[in-house]
Amino acid sequence: HPGGKRSAQPASRSRSGDVGRTECRLALARYLIWIRLAQTDGNLKRENRMSIHVRTQINGQPQEFLCEPDQSALEVLRDTLGLTGSKEGCNSGDCGACSVLFDGTLVCACLVLGAELEGRSLTTIEGIAEGGRLHPVQQKLLEHNALQCGICIPGIVVAAKALLDSDPEPDETAV
């Protein structure tokens with residue numbers, strides 16, 4: 001899975017530094033909302049908050065949506081777009097249940113702001129199967145009765161696909 005212990009970043013994320021920047025952006029957005037709440041004595045109503053219009057590609061299809069500045073991509077996927085395959089586990093990037101491919105890079109959707117999807121491409125578990133055929137990872141999990149409860153499996157499938165896309169014959173260390 002893409003998470004693990006907070007101190008140990010997976011190679012696919014530590015190389016680019018995207019997770020660190022994303023965590024900072026998410027923290028900054030939440031801090032700015034908190035300041036705005038404090039300035040209004042906590043009476044900031046949702047209708048007074050600025051929504052951000054986002055155009056993106058999700059699972060190969062153009063999508064448009066409005067999101068709050070502090071809304072995560074996971075919240076947008078599940079609550080706004082109805083794509084509930086990505087699961088909320090820890091909401092801190094540790095468990096990997098919400099793993100998605102963000103411009104082809106494995107990330108936790110809970111660590112990406114919805115606004116960051118502007119002009120980018122996102123692939124969720126719903127976009128892994130092609131033409132009604134399960135992805136080979138999905139098929140093998142099914143064949144070997146390795147499906148568990150369904151909370152972490154979507155993230156595992158997305159992470160396995162990302163690994164196989166970058167290394168079609170990974171060794172045990174890579175896995």
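The values are calculated or read from the model by the stated rules, or taken from the named source; none is laboratory data. As the structure is a computational prediction, the values presented were derived from the model and not from experiment. We place every Cβ from the backbone using ideal geometry, glycine too, and count neighbours over all the protein chains shown. When the accessible area is computed, the model is the full protein with side chains, heavy atoms only, and any ligands, DNA or RNA have been set aside. Shrake-Rupley method; radii C 1.70, N 1.55, O 1.52, S 1.80 Å.
The table for this structure:
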read-out	value
Counted residues, region 68-77 - those being farther than 9 Å from Ala109 by Cβ and out of contact with any Gly (no Cβ under 7 Å at 6 or more places or on another chain)	3
Of residues in region 130-157 being aliphatic (A, V, I, L, M) and assigned to a helix (DSSP H, G or I), the one surrounded by the fewest Cβ atoms within 10 Å (Cβ to Cβ)	Leu142
Set Gly96, Gly127, Gly131: member being more than 22 Å from His53 (Cα to Cα) and at pLDDT 95 or above	Gly127
Those residues of region 64-93 which are surrounded by fewer than 18 Cβ atoms within 10 Å (Cβ to Cβ) and under 12 Å from the mean Cα position of the chain (by Cα), in sequence order	Thr84, Glu88, Asn91, Ser92
Where Asp165 falls short, out of the listed (1) more than 22 Å from the chain's Cα centre (by Cα); (2) part of a helix (DSSP H, G or I)	(1)
Residue in region 107-120 that is free of Cβ contacts under 8 Å to residues at least 40 places away in the same chain, open to solvent by 20 Å² or more (accessible area, probe 1.4 Å) and among the aliphatic types (A, V, I, L, M) present	no
Options Ser166, Ser99: the member that is polar (S, T, N, Q), open to solvent by less than 20 Å² (accessible area, probe 1.4 Å) and under 22 Å from Gln57 (Cβ atoms)	Ser99
Answer from Leu101, Leu83, Leu74 - the residue that is part of a strand (DSSP E or B) and at pLDDT 90 or above	Leu101
Failed item in (1) in contact with a Lys or Arg (Cβ under 9 Å, 6 or more places away or on another chain); (2) under 27 Å from Val54 (Cα atoms), with Cys152 passing the rest	(2)
